[in-house]
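Notes for the one structure printed next.
Every number here is computed from the coordinates shown, using simple stated rules; none is lab data. Computed from a predicted structure; not experimentally measured.
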Amino acid sequence: MLVSQSMVAGKYEVVWNGKDDHGQSVCGGIYLYELQAGDFTQTRKMVLLK
């Protein structure tokens, strides 16, 4: 999990280093991420190119 804390309204940027929860590099490919804010949830795709 990249960010798991309450934040005030605003614009934020999170940079993922391409590693999993165990610190191992992941393969290039398509990954899903989920944004949650109150009752709102959105799942999107991202592409990791190596």
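Points worth noting:
- Reduced Cα scattering model of the chain, Debye log10 I(q)/I(0), q = 0.18 Å⁻¹: -0.72
- For the stretch 33-38, 3J(HN,Hα) per residue [Karplus equation, 6.51 cos²θ - 1.76 cosθ + 1.60, θ = phi - 60°, Hz, x = Gly/Pro]: 10, 10, 10, 10, 8, x
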